Amino acid sequence: MVESFFDSLNEKQSQALRVPHDTVLQVVAGPGTGKTKLLVSRVAYLLLVCKLPPSDIIVTTFTKKAANEMKERLEKMLIDHPEIDLNRLQIGTFHSICFKYLKFYGKYIGLSKNVTIADTKDQRDLITTAIKNLDLDNVKDKRNTINEVKNFILKQKASGLFPDNVVTTTDTEAQYLQVYYEYQRLLAKHSALDFDDVLLHTDKLLQVRPECVSYVKHILIDEFQDTNDIQFNLMYKLSKYCSNSITIVGDADQSIYGFRNATYANFKKVETIALQRNQRFVKISLDQNYRSTNAILRLAENLMRHQTTRENKNLVSNNNLDTPVNYIKHRDEYDESCFIANRIYKIVNDPANKYTYNDVAVIVRVSRTFLAIEIDLTRRGIPYRIVKGLSFWELKEISMAVDCLRIVALNDWLAFKRVIEWFCAGCGAKLILKIEASVYSPEINKNDNVFEIVKSYVDGKLSGATAKAKQSLKQLISVIENCKLEIEKLTTLQCFEYIMTKFDLIDNVLKKKTSKKDEAEILSDINANIKELKNQIVNYDPEKDDLLQKAHEKTFIEQEMLNGGTDNKESENINDTIVDSSKLKFIQQFLEHVHLAEIVSSEVENDKGKVTLTTIHGSKGLEWSAVFIPSIVNNILPSKFALDQHDYFAPDSLIDEERRCFYVAITRAKEQLFLSTYDVVMNDIMVAKSSCFLDEIPKSCYKIISSFVTPSPTYGLGGMYVVQPKTFVVKKIVRHHSTATNIPPTVLGSTGMTYNPVTGAVVRPVNNNQPTSTYIKKEENTDDPKKPNLLSTSNQIMNNTLNQISTFTKVKQEGKIYKPTVKTTVPIQNATTLAIDNMKRPTKKRLGMGRPISQYLTKKKL
Ligand SMILES: Nc1ncnc2c1ncn2[C@@H]1O[C@H](COP(=O)(O)OP(=O)(O)OP(=O)(O)O)[C@@H](O)[C@H]1O
């Protein structure tokens, strides 16, 4: 099996595969050249041919999903080799691998075995507390300042700097540094590490106890262009005992994490270090592309040639298809989204393509672009999924639900504090600060955990709580006690539901949500997200995690014994450990698992699949047959930040990183690529201008296609767009004759604009340049009873429908003032559409949730 897999590699891949393992091997190659395929094969080669034990190999991937996929591929390849225990292979993100080291060896640098991860909201809370504690002149707990301090700390950590090593140059920086010290103190107090600390502490551990990794024989790193300084240093520390036997693969052109201090300059550094250390160094580049057509590759290369600090690539496509890249200039984003939905429908339903919706992706630079596209996909009835990332865990309902789980299963003040804030009436900021002081106080008995300390306020052993506060704290204590007691009798799902009910989660989330949306919409959002969380819990398999953890611990224990015995008696008998299968333990494991996990949707797919909507950063390493890249306009791609900060003389400017983002998006496409843009002028001001990157691409690299949008076959859709309803005087009812079906009548208002008679929204034809014959053919006053109704069946359908709409009656009376209302009763088949037309643009935050609009629409159905 595995031999046939090795045989499927091309000559250069094969050459890289067989490089002796005690070498620094660098595979730098373009997109779709089979780097990941090679990396998986190389692991198999090291195991089978070089006979390295799986426990002695470390493989780092960029996401957990990539690690899972790689493992699955290896399992298939090595199916005939059951003697190789792949559970002992150390594969995962840098963070997850390092966290395992810290859990086991953290004792050598003063970390508790129960060390946990502080997530983003914990980080924010702790930075705020640190700022409050210090009460400095220049640093106050204001939103902007908190963000600035957070960025300052992140930057230091990404460079591998603990507070003691930071050098400051200004007064403000010196104060930020003080916050950094205080923040670290608070983290330590909670036995918590933030994400960057995981790497920083591992670096420290390996400095103090390098022998912890003396068994490691080879380290492989995927997506090397996105490693930052601390990861770079860790790579050398982890491979210290195997003469830096390293395989790194990556592509400098796909370096898009500069904002996290990642740099592709690390490729060059590896080479220089290898030369300095006289190490065996092999650099191989792959130029056969197995993904994209030549047209796509040519366009991508022409774009990238505008980055001056780059070596040209000459990728050769393996795909003979001569489909051109399509370029479309739309009038605005609404026309664009309508076009995209129509085109997706067309290409998936074209039997020549044999695509399902799974083969199509819309890749955007910023997630707010999803909205218009979501609307049109919904109108077209096209199923889609939004790739959710870590942002899912930051949603209010999700973080509140997770906090409930945390205070039931862990003794965790950070979560406790937040839950007291929303659950306990009468507990003001002052009391919470007092409880917090008790939690942090060295005088309070160390054995008293957070739960006991809160209880002391209820019992009056500690003073400061009013009668009302005591009552609500008592209720919280009793809820926690009940949950602990009851959940052991329940199934996983029941257990989750029990906890959520006891904390009255939905009601409490509703109280916390500050949105102008009506309650039904908010509720629909919340329920959908909680459902996803439920799926995550139900599908979580602690045994799999357990198995992996035990396998790794076994490696660590063996290693520790080789290094001179262990004082870790409890872990010696790892094989005999009784598995704790309690629900409490299950929740603890789940919480640990989610801390380092991005969300991999648990939705079950149907046959037709779903179109993927993803950001460029989320599309890394993936591929689709057809890719749409919308909104290629300045301030989106490249981003406003990059344009504002652009330094034309800088060798690797932010604009270059934006260009690489564009490149990553382009090179996800296998066969069909649609680039689209628009220029929009409003009140003589240019509000959107097509991207400067498009000017960099020679016209010969793409085919310009018409932006004509076929109106979609439902009322009020295709080719129309909606702005806020306004009051106006009805001048005329306008009927349209159209080649398309179901074009409804519209109303000409005193404003000179044309309105949707139902919603009062402004409508306009698709394209100003469009010949009237294809869209608006004729206007007439249909209120004249003598005039025969010349309209097509579509209008009859509409008339039947509209007769049931109360507002339409008003519209029919010309000269009357029409005040459009969104509260219109409409028959079910049009309700969905109506809901879309009247829908307010979701906020950025709401978009971040990745909540498909379809869920909203179901609620709107009458
Ligand atoms: N030797 C080969 N023969 C046939 N197909 C191959 C070969 N190598 C890679 N491929 C295929 O090419 C596609 C891209 O491979 P892979 O994802 O490994 O590329 P990559 O270099 O990691 O891409 P990216 O940098 O864009 O993530 C995959 O579908 C893979 O199966």
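Rule-based calculations on the coordinates, nothing more; no lab input. It should be emphasised that the depicted structure is a prediction, and the values quoted were computed from it without experimental measurement. Backbone-built Cβ (ideal geometry, glycine too); neighbour counts: all protein chains shown.
Normalised Debye scattering of segment 392-539 at q = 0.15, 0.16, 0.19 Å⁻¹ gives log10 I(q)/I(0) of -0.80, -0.90, -1.16, counting only Cα atoms as equal scatterers and leaving out solvent.
Arrange the following residues from fewest to most other Cβ atoms within 10 Å of their Cβ: S399, S631, S706.
S706, S399, S631
Mark the label point 7 Å from the Cα of V49 along Cα→Cβ and return the residues of segment 197-235 whose backbone N is within less than 20 Å of it. Once the point is set 7 Å along Cα→Cβ of V49, 217-222 turn out to lie under 20 Å by backbone N, inside segment 197-235. For the peptides 217-224, 104-111, 252-259, 79-86, residues were scored by their other Cβ atoms within 10 Å and the scores averaged per peptide; the highest-first order is 217-224, 252-259, 104-111, 79-86. Spatially, segment 404-437 and segment 7-39 are offset by 53 Å when compared through their Cα centroids. Could you let me know the centre-to-centre spacing of segment 270-312 and segment 329-344, using Cα atoms, in angstrom? So the separation of the two Cα centres works out to 35 Å. For D541 and L321, a Förster radius of 41 Å and the Cβ-Cβ distance give a FRET efficiency of 0.50, rounded to the nearest 0.05. Taking only alpha carbon atoms, segment 119-189 gives an Rg to Rh ratio of 0.92, where Rh is the Kirkwood radius.
Taking amide H atoms as placed 1.01 Å from N in the peptide plane, the amide H of Q672 lies under 5 Å from those of A626, V627, each 5 or more residues away in sequence or on another chain. Using a cut-off of 23 Å between Cα atoms, the listed pairs K100/K237; K354/K610; K35/K670; K51/K554; K155/K512; K430/K461 include K155/K512 as exceeding that distance.
K12 sits among other residues whose Cβ lies under 15 Å from its own Cβ, and their net charge, with Lys and Arg +1 and Asp and Glu -1, is +2.
Convex hull volume per residue, computed on the Cα atoms of segment 81-202, equals 116 Å³.
Our coupling estimate for segment 175-181, obtained by passing each phi through the Karplus curve with A = 6.51, B = -1.76, C = 1.60 and θ = phi - 60°, is 6, 4, 5, 4, 5, 4, 4 Hz, Gly and Pro reported as x. For R291, the amide hydrogen comes within under 5 Å of the amide hydrogens of N318, counting only partners 5 or more places away or on other chains and with H modelled in the peptide plane. Sorting the segments 484-494, 404-414, 327-337 by their mean number of nearby beta carbons within 10 angstrom, highest to lowest, gives 404-414, 327-337, 484-494.
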